[in-house]
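The values are calculated or read from the model by the stated rules, or taken from the named source; none is laboratory data. If you're wondering where the values come from, they're calculated on a predicted model, not measured in any experiment. Neighbour counts are summed over all protein chains in view; Cβ atoms, including those assigned to glycine, are modelled from backbone coordinates with ideal geometry.
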Amino acid sequence: MPSAGAPGGARSASPDRIGSFGPVTASGRPHVVVVGGGFGGVAAVRALRDAAVDVTLVDRNAYNTFQPLLYQVATAALNPGDITFFLRALRGHQQNVQVRKAAVTDVDPRAQTVLLENGEALRYDYLILATGVTTNYFGVPGAAEHSFALYTRAEALAMRDRLFARLEEVATNRPEAGINVVIVGGGPTGVEMAGSLSELRNVAQSVIYPELDPERTRIVLVEMSDHLLTPFIPRLQKYTARTLTERGVELRLSTTVNEVRDDGVVVDDGECIPADLVIWASGIKAADVVSGWGFPQGKGGRIEVDDCLCVKGFDNVFAVGDIALTPLPQVAQPALQGGKHAGRQVAALVSGERTTPFHYWDKGILAVIGRSSGVAQIKHVPGFAGLPAWLVWIFIHIVYLLDNRNRFSTLVNLSVRYIFWRRHPVAIVGEVPTPAGQAPIQSTLTS
């Protein structure tokens, strides 16, 4: 059996391994570097809490983002702070972790070094890659330039601000025109965005924007497949399509996007669907920088791993979450469970024990369409939809937030949206520019 202490971490393939690498920290304990503060990265850090190691967590942001609720920020239901968690707060319960806010520019697996954008080089004994992924535009002309993705807090805020800037501009200058939103991609993100936007239009728009006719606000969901929510069973797919249609979302199934322009989306039959806002919810890939790190990559640039989540060819490097090339869905649970597993494998190696294969516990998948409407597919339980699925979705998403403050504020804001919104349609917005052509307001105050 190859030793885990092979030079630079290189090894021949083996599903289980023993050993520990020489320490590189001042404490004399092995140094574990975790790249990425998302679901997988935080789970890995927490799994190492009682291990005899020093942990450094590196992320370009100072916070963890609860990505499943980003669309609620983008549609003005939640504050961004409701779904973000300050990464340095991890030290409140874990003294063996340090946090570096920086982007990773390079990884040298032979020298066992992670290079940060500020020039700092972190030597590691063990490395856990939990970088997540980025948007894949599949080479569609104009998609990167003229559409909005939804993987980060900044992207959610940019989308929200663009939406309300358009609403203000149309309400001021051309209220008869209405606005058009096109969503590309019929997976959970696309479906949830479409459902949330339809609620904003159907419930709140006539109150907060009385100048606009809700019937002139057009929401179009474009999907290249002949159905929505590919991971779900056909019955739930049909329920989703029917519910969105009933809520006024126009579905364009079996339709491919050929180009995205600043004024619309060109589809495969040559039609240009007008759009004031294009939301790209289709496809993922590894960030381009990952290709220079020297690790084996597969489809979408994702890193190849063995059944222990160890990167193929390297004894001391693990990859978890979306960046790891596995057959698992790109949702929170594989990242959470994978991160925990990787942390435990590192702890085992440090203790001179064998690694073990990763076994994923499929807890099911959920998607919400709007108030009182969702779909749930849980193992060993018949798929169900409607109010029960919606309630399960709310419970699960609040429970899995990282902090009690997040749970409380999210519960309050979602309650306002789903229970009281018809009487109190409050939207959480940011800086919205004054529309061109709006007459200035003359102050009546005197000094």
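So the values come out like this:
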{"item": "Residue that is surrounded by the fewest Cβ atoms within 10 Å (Cβ to Cβ) [pool: residues in the range 375-397 that are under 18 Å from THR410 (Cα atoms) and touching a strand residue (DSSP E or B) at 6+ places or on another chain (Cβ under 9 Å)]", "result": "LEU391"}
{"item": "Residue in the range 346-361 that is more than 24 Å from the chain's Cα centre (by Cα) and of a type in the set (D, E, K, R) present", "result": "yes"}
{"item": "Some residue of the range 114-126 being of a type in the set (Gly, Ala, Ser), over 25 Å from GLN345 (Cβ atoms) and outside the structural domain of ASN404 (by TED's automatic domain parsing)", "result": "yes"}
{"item": "Members of the range 258-290 found to be assigned to a strand (DSSP E or B) and either over 30 Å from ALA103 (Cβ atoms) or among the polar types (S, T, N, Q) (or both), listed by number", "result": "ASN258, GLU259, ARG261, GLY264, VAL265, VAL266, VAL267, CYS272, ILE273, PRO274"}
{"item": "Residue in the range 206-229 that is out of contact with any helix residue (DSSP H, G or I) (no Cβ under 7 Å at 6 or more places or on another chain), touching a residue at least 60 places away in the same chain (Cβ under 8 Å), part of a helix (DSSP H, G or I) and crowded, with 23+ Cβ neighbours inside 10 Å present", "result": "no"}
{"item": "Extreme residue, surrounded by the most Cβ atoms within 10 Å (Cβ to Cβ), among residues of the range 242-264 that are free of Cβ contacts under 8 Å to residues at least 60 places away in the same chain and farther than 30 Å from ALA171 by Cα", "result": "THR255"}
{"item": "Answer from ARG344, ARG354 - the residue that is surrounded by fewer than 19 Cβ atoms within 10 Å (Cβ to Cβ), within 30 Å of ALA130 (Cα to Cα) and at pLDDT below 95", "result": "ARG354"}
{"item": "ALA43 vs. criteria in the same structural domain as CYS310 (by TED's automatic domain parsing) and within 16 Å of the chain's Cα centre (by Cα)", "result": "yes"}
{"item": "Count of the range 389-434 residues which are closer than 26 Å to LEU336 by Cβ and part of a loop (DSSP other than H, G, I, E, B)", "result": "4"}
{"item": "Failed item in (1) surrounded by 19 or more Cβ atoms within 10 Å (Cβ to Cβ); (2) in contact with a Leu (Cβ under 7 Å, 6 or more places away or on another chain); (3) not in a loop (DSSP other than H, G, I, E, B); (4) not assigned by TED's automatic domain parsing to the domain that holds ILE394, with ALA156 passing the rest", "result": "(4)"}
{"item": "Pair list, Cβ < 7 Å and 6+ apart or interchain, from the range 23-36 residues that are within 18 Å of ARG344 (Cα to Cα) to residues that are at pLDDT below 70", "result": "ARG29/PRO23; PRO30/SER20; PRO30/PHE21; PRO30/PRO23; HIS31/PRO23; HIS31/VAL24; HIS31/THR25"}
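Per-residue answers, yes or no, for (1) over 15 Å from the mean Cα position of the chain (by Cα); (2) charged (D, E, K, R); (3) modelled with pLDDT of 95 or more:
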site	(1), (2), (3)
GLU155	no, yes, yes
GLU168	yes, yes, no
ALA177	yes, no, no
VAL191	no, no, yes
PRO210	yes, no, no
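Every residue, every condition in (1) surrounded by 15 or more Cβ atoms within 10 Å (Cβ to Cβ); (2) at pLDDT below 95; (3) on the phi < 0 side of the Ramachandran plot, yes or no:
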| position | (1), (2), (3) |
| --- | --- |
| LYS101 | yes, no, yes |
| ALA111 | no, no, yes |
| VAL114 | yes, no, yes |
| LEU129 | yes, no, yes |
| TYR151 | yes, yes, yes |
